[in-house]
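So the structure is just underneath, and the comments pick up after that.
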Amino acid sequence: MPTRPGRCTTDMATLLWLVPALPLLGFLLLFLSAGRAPRPVSALIGVGSTALAAVFALVLAGWLLSQGSGVLRVTLWRWIATAGLQVAIGFQLDTLSLVMMLVVTFVSFLIHLYSSEFMQQDEGYSRFFAYMNLFVASMLILVLADDLLLLFLGWEGVGLCSYLLIGFWYRNPSNGYAARKAFIVTRVGDTAFMIGLLLLATHLGTLAIGPMLAGAQVQWPTGSVLPTAAAALLLGGAVGKSAQLPLQTWLPDAMAGPTPVSALIHAATMVTAGVYLIARMHALFELAPSVLLAVAAIGAATLLLAAFAALAQHDLKRILAYSTMSQIGYMFLALGVGAWSAAIFHFMTHAFFKALLFLAAGAVMMRINDEHNIFRMGGLRRELPMAFWSFLIGSASLAALPLITAGFYSKDLILWSAWNFRPGGAVLWLAGLLGALITPIYIFRAVFVVFFGAQHTRPSSRYGVRIVLPLTVLSVLALTAGFVETPHALGSISALSRLLASTLPTRELAGSAALQTVAMVIAMVLALLGIAIAWWIYGRGAAGALRASAPVRALARWWLGGWGFDWLYDQTLVQPFLWITRINRADVIDTGYGALAALGRLANGLLSQTEDGRLRRYAGWIAAGSLVAVAVAMFA
Amino acid sequence: MPANTLMHAWILAVVLFGLGVAGLLARRNLVFMLMSIEIMLNAAGLAFIAAGARWGQADGQIMFILILTLAAAEVSVGLALILRLFSGTESVDADAARALHD
Amino acid sequence: MMLTWVILVPVIGGGVAVLAERSGTDAPRWIALAAVAIDLALIIAITVTGPAALTAASAHGPWLAETYWRWIPQLGISFRLDLDGLSLVLILLALSLTALSVMTSWKEIAERVGMFHANLLWTLAGIVGVFLALDLFLFFFFWELMLVPMYFIIALWGHERRVYAAIKFFLFTQGSGLVMLVAILALVFIHRRATGVLTFDYFALRGTPLSPRLAFWMMLGFFFAFAVKLPTVPVHSWLPDAHTEAPTAGSVLLAGVLLKTGAYGLLRFVVPLFPQAAHAFAPVAMLLGAISVLYGAALSFAQDDMKRLVAYSSVSHMGFVLLAVFAWTSLSLHGAMVEIVAHGISTGALFIVVGMLQERLHTRDLTRIGGLAAALPRLSALMTVFAIASLGLPGLGNFIGEFLILLGSFSVNRSLTIVASLGLVAAVIYALALIARALHGPERIPPQAHMPLTDVGARETTVLAVLSAAILWLGVYPRPLLDAVATGLGALQSAAGVTMTSASGSGAQRTPGSAPGGDYSGVPVRYSPHSAGPAP
Amino acid sequence: MRSPRSTSGRCCRETAAVIGMFYLSAAVALIATALTITRSNAAHAVLYLIVSLLAVALVFYALGAPFAAALEVIIYAGAIMVLFVFVVMILNLGAGAAPQERNWLRPAVWVGPTLLAAVLAGELLYLLASGRFDVSAQGSGAAAAQLAGAAAPTTLTATAAAPPAIEPKQVGLLLFGPYLLAVELASMLLMAGLVAAYHLARELLKAPQPAASHPRWTREPPTRATAASSRHTTAESH
């Protein structure tokens, strides 16, 4: 639907490219000031830029919604203009990128506000805000890009920022190792994404998302080799960035970064970039049903793997990391079964309650001098009520506590969509259901262990307003955000799906409303059952014998290591690479040339032996030589 | 001069040359070595003369004359060297002069 | 006529620098900068006024300026210099990197300053000559000329094993140069036998009718010389030593520009002169390129010496360029040019940063240093920028180059392109290894460092700021560079005639036997190939 | 160029005598040479060599090269061998050094050289016999006939007249004709030999330095070290 030309469209267009430009400007200011700016100024720039971006986003949202389902496009300049490829730096705002932009700007504003107090004692204050602003800018570029290459720029930009922020406290080598691991593993995915780009650009001539997808639908028959290959490669990129099987080992280690980083990057925004990519390229994925099935399968497998792994973690942040991996598994499941808007809906709710959980966890740890191990915390609900209540709300939303939490609505929609997916829907639904059971167990295990039971640590003082405000706002959102999309039985509001209908195809769900209610009730019962189990085991400390038994402890250790994937990759990829590079450090080809030179010296040594001053030996050699010469004359 | 006599002349030259080489290699006394070289040169001259006779051209003799001059120059220098060596190492042993090589 | 001055100015500058040494150690530095500045002004003047000076017929060709004299008519050797978009970009890169390297070695080079700057300028003259010469003999003349001063720079002002490195550098390049000479002479004689005209002129020789087997061997002769210079894997081992032992200015010039003469040679001489042979040889060359990418990266990761690490990364980056040249599509060639400029900037900057670190710490050994980010915040930030540029982060120059190369060669050889794109992952590994081992982790400063560690001063910051601005500008707005080389590359592609690719790529199939050089529109009218023959 | 004088009448008698002389002198030469290289007494060896040279001179004469024969006698036997005799006398190599020679010449020493010389001679003989070079009469070739003028019969049969002797005049003409350059070179060679011999031997003719007193060859040879050092000093001084 062409946008109506008019003065207000052009202001909106300028507003559109201002949204990513502001954090970028913030980054430049902080980077060029190179740490000389005083803390309040850095905080002001950091938080201010994201706040302004959030405001502009809201204004844009208001305008776009008033436009009906229009698309706002702005092109800044032509990036690459050679014979074979035309790429422009331009942003487009449709309902999908609007939702993403709103969530990204809003959540990052809250997290920036939180971290302005959380990082108060840290000496790299302005450096932190510089990287955070660069991250928000890259994420916005990724979300708003209308050309796949520009999306790839944002894609790599967020990867870089995640590297810089995970390794923020660079003095500790293990942080550096975790940061490098994150960047390299995501880079493997990015390379697959790049090859996908090459394939698309070569065969479809352009990388601009709209025309390219249109061209693909025209040229490529559904299910043929090219779209399947391209979709698989893009899936590779998405799997890398969203920490899904098989490139998921970097996310748990990424918790080495400061908590606001984990909250923003490794919970709310970056890890969902893969989900956005698949949603944005849904037309291509629809041309490759086998890949869509793979997406669903990967989602289901990852959500189970991560859920069980979260059960065995001691570190509070690693529990949340595995939980993020699991929830993104749900989003992939939704994408796989074609419920595009359900995935985005879950992305939104997940962004809120997972950010809330991380910030609450950060608030807790901040007060008990950075103790991560949950078994060394305990009974903190009286000393840290604010952290307790926000963590509790977050956990409830994560566990999909029926009716009152946002998580319930979004997860239920996904489960319902999975139920309706014809080939293999049942299996996916069961996997989702099992995940829905395990999730409350592991999160309430953390709740009961950390906030209930015997008190181990003496937390110190209260929280400032810059921590309380984000926590409260996120808590409210974690509870209310679900009401934009409710199932039939509960008022069948479908605001979000109608909003997204213009960009994402909708699928009428075959099942009747009654069937949906039945499925919903099953999910409710499971959620409550999970919480009960968690309370029974960890609240009252029951089944101690079972937990201490050898097989359970072995299983726990296996799950602690993330089902052994780390060990597997280390043995099969990392060690061989290190071994090969170490033995070839002196470059075997170079030693080859060295050997050549040594040969020369050896020959010189031998020949100079013959010149030893004995005349008769010379005469003998001359005679022998002439003899040979004559012999040659004889036969030649 | 019948052809086979010329052939015998060449055979003579070759044998003389062979003796010269044997003498050169066998003797350790520098003077004897020089003499053997003279024998070899002479054999070569003989071969040239025989060739000249065979084709009736004087070239052979001219080559012989050149060989003569060569031999003369060579002997003079050789013997001077031998005397010089002798004054140094008191012996005409070819191997005694090994120190000269480096 | 002006083009000869572009070469003469550095030569004269060098001479003056040597003389000026007596009047103060800083005088040669200023003279060197002045010489480069004059040269820059000259080249810009030529580009602006150039086309008008040419006669109308050649104006529409890619040629911006042209100088032509009969040098040795008996042998058909002419002093022919031609400037097109390709050479212009490379010369500008060479001039700017020389200026920057002079500025960085302000404190580093203390003894025999005049001689050092003379050698620097003479190398520059040789390089500019290589980029301009279009007479094969003149090209070879400059090709050998630029080695000698670089040899002295490495041998006299280098670090520990400088003599070994200098000799190795010279042997490798000189030896391969001779192979090229054989190929040049063979081409000239065959051309003479075929057309009766003895000439070394590039345009005339381009059309010589050659039997495929002969063309293949001659192409191989040229390719070997340029592959050693590029460098490509089997013949690359002179590079790490030469770079490690050269002074900062030497390394910057070596990495920034000398490697590019190899790439320029491939573009200008190998494929256009022997299109069919190059097409037949393309799979092997692209395989070598892909191997260079991975092998260079794997080795770069394993090094302990910072300069060796960066040197091997150059091998990896140049592997991409080789892949691009033999893919010979318009995309990959544009990508190659961007990669050349971007590599010149990012690797040159990395060498400058490593030089600064060595000035402060007196060591390049990564096992003995660590955690410098705290002590040298600004230098670490800039080093991180350039390391990230060299790993090909989008938004910085290298990515544009690498992406266009991969895109261009994807349509030609899919599997090799995928193998080469693994190089992106390998690039991350060695770039992050460099940052982690040098900047992060617990602070370790070697005893011989002169404490307290002072962060980058004004001079150093301006140099690095200029470079980082350049690499960012190239990454965000590469169009001026792409447009500058477009006509030059287009002309090369049409000259080569042979379409290497099925998909894109222009030019109809042209049998080698067609009229020598005449059909190429770009040839200036004043010069006609036949008149350039030997004097009657 | 006057054709050489060879009337058919006197040819056969003369030829038989000449051929007889040739074989006799050849035998003498062989024996003398063999003895030269096997004698342990240098003086005897030199004399045997002189005999061998004279024999070869006779062979030259038999082969129709009277000028060469004369030269051989004058220069080779005359001048060069006289030099040898001088040196042998100077170095007192005659009987005095014989025992030294004898232990240097143990039979075992002869094995290698004779084997080598035999193989070399064998190869040369094989080459001669292989007919590669038109040595045989049939291949007289036009050159011989043409050069030798009408007189030489076209085929040299076994009983043909002795090859026309090549007059010194002919040799002289050729020598200063095309070979003029060679003559100049030869003269330069001789000059070089002269200078070298004078320069090297000058040292010995000078008044005896303290280290190099005249009767030194009868004295007990000085220890190697002092000899070397003395030699060095002498080397530097001149």
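Bear in mind that the values in this text are calculations on the coordinates, not laboratory data. A quick note: this is a predicted structure, and the numbers were derived from the prediction, not measured. Using ideal geometry, Cβ is built from the backbone for each residue, glycine included, and neighbour counts are taken over all protein chains shown.
Brief remarks follow.
- Among D:THR114, D:GLY64, D:PRO99 the positive-end extreme of the charge dipole of the stretch D:11-131 (Cβ point charges): D:PRO99
- Convex hull of alpha carbon positions in the stretch D:44-88: directionally averaged projected area 2.6 nm².
- Kirkwood hydrodynamic radius of the stretch D:11-131, from the reciprocal of the average inverse Cα-Cα distance over all distinct pairs: 16.4 Å.
- A:SER174-A:ALA550 FRET efficiency (beta carbon distance; Förster radius 35 Å; 0.05 resolution): 0.70
- Residue order, fewest to most surrounding Cβ atoms within 10 angstrom, among C:TRP5, C:TRP63: C:TRP5, C:TRP63
- Nearby lysines by direct alpha-carbon distance to C:LYS307 (threshold 18 angstrom, same-chain neighbours under 8 apart not counted): C:LYS168
- Three semi-axes describe the equivalent ellipsoid of the stretch A:1-134; taken as square roots of 5 times the Cα gyration tensor eigenvalues and ordered largest first, they are 31, 19, 11 Å.
- Assuming charge only on the beta carbon of Lys and Arg (+1) and of Asp and Glu (-1), the dipole of chain C about its Cα centre is about 540 debye to the nearest 20.
- Normalised by residue count, chain A yields a Cα convex hull volume of 259 Å³ per residue.
- Gained length - C:ARG368 relative to C:LEU214, 0.36 nm times residue gap less alpha-carbon distance: 50.1 nm
- Applying a threshold of 19 Å to the alpha-carbon distances of A:LYS317/A:LYS411; A:LYS317/A:LYS354; C:LYS107/C:LYS229; A:LYS181/A:LYS241; A:LYS241/A:LYS411; A:LYS354/A:LYS411 flags A:LYS317/A:LYS411; C:LYS107/C:LYS229; A:LYS241/A:LYS411 as lying beyond it.
- For the stretch A:296-552, the residue among A:ALA495, A:LEU398, A:ALA301 whose Cα projects farthest onto the positive side of the dipole built from Cβ charges is A:LEU398.
- The calculated pair-distance distribution of the stretch B:3-91 uses every alpha carbon pair, bins of 5 angstrom beginning at 0, and gives 3, 15, 19, 20, 16, 11, 7, 5, 2, 1, 0 percent.
- The residues neighbouring A:ARG547, those whose beta-carbon lies less than 15 Å from its own, together hold a net charge of +4 under the Lys/Arg +1, Asp/Glu -1 convention.
- The radius of gyration of the Cα set in the stretch C:178-218, together with its Dmax, comes out at 9.5, 25 angstrom.
- The mean count of C-beta atoms from other chains within 10 Å of the C-beta of residues in A:71-84, rounded to a whole number, is 5.
- Each Cα pair of the stretch A:139-238 feeds into the Kirkwood radius, which the Stokes-Einstein equation turns, at 10 °C and 1.306 mPa s, into a diffusion coefficient of 108 µm²/s.
- Cα lying deepest toward the dipole's positive end in the protein assembly as shown, options C:ALA373, C:VAL188, B:LEU16, charges on Cβ: C:ALA373
- Expressed per residue, the C-alpha convex hull volume of the protein assembly as shown stands at 267 Å³.
- Chain A, dipole about Cα centre (Lys/Arg Cβ +1, Asp/Glu Cβ -1), debye to the nearest 20: 1020 debye
- Fewest neighbouring Cβ atoms within 10 Å first, the residues A:VAL447, D:VAL28, C:VAL385 line up as D:VAL28, C:VAL385, A:VAL447.
- In a simple Cβ point-charge model (Lys, Arg +1; Asp, Glu -1; nothing else charged), the stretch A:296-552 has a dipole of about 500 debye relative to its Cα centre.
- With Cα atoms, 0 to 90° folded angle of helix C:136-145 axis to chain C main axis: 20 degrees
- Per residue, the convex hull spanned by the alpha carbons of chain C comes to 128 Å³.
- In terms of the mean number of neighbouring beta-carbon atoms within 10 Å, the peptides C:108-120, D:79-91, C:335-347 order highest first as C:335-347, C:108-120, D:79-91.
- 0 to 90° range, to nearest 10: angle between helix C:275-302 axis and chain C longest Cα axis: 0 degrees
- Estimated at 0.36 nm per residue, the fully extended path between A:THR517 and A:ARG601 surpasses their Cα-Cα distance by 21.4 nm.
- What the Cβ-Cβ distance of A:TYR618 and D:ALA192 gives, at R0 = 22 Å and to the nearest 0.05, is a FRET efficiency of 0.50.
- Label positions at C:ARG161 and A:ASP122, each projected 7 Å from the Cα along the C-beta direction, are separated by 4.3 nm.
- The calculated FRET efficiency for A:HIS456 paired with A:TRP389, based on their beta-carbon distance and R0 = 25 Å, is about 0.75.
- Average 1/r across all pairs of distinct alpha carbons in the stretch A:296-552, invert it, and you get the Kirkwood radius: 18.5 Å.
- 10 Å-binned pair-distance histogram of the stretch C:291-498 (Cα, whole percent): 9, 34, 32, 17, 7, 1, 0
- Approximate spin-label separation A:TRP579-A:ARG39, in nm, with each point projected 7 Å along Cα-to-Cβ: 5.0 nm
- The stretch A:590-636 versus the stretch C:451-489: alpha-carbon centroid distance in Å: 58 Å
- Label point at A:SER224 placed 7 Å out along Cα→Cβ; residues across the stretch A:267-292 whose backbone nitrogen lies under 14 Å: A:287-288
- Remark: mean inter-chain Cβ contacts per residue of C:145-157 equal 0, using a 10 Å Cβ-Cβ cutoff to other protein chain atoms.
- For the stretch A:94-185, the Kirkwood hydrodynamic radius from C-alpha pairs, put into Stokes-Einstein at 20 °C and a viscosity of 1.002 mPa s, yields a diffusion coefficient of 152 µm² per second.
- The share of Cα pairs per 10 Å bin across the stretch A:540-623, counted from zero up to the longest distance, runs 13, 16, 14, 12, 11, 10, 8, 7, 6, 3, 1 percent.
- In summary, the convex hull built on the alpha carbon positions of the stretch A:401-510 has an orientation-averaged projected area of 10.1 nm².
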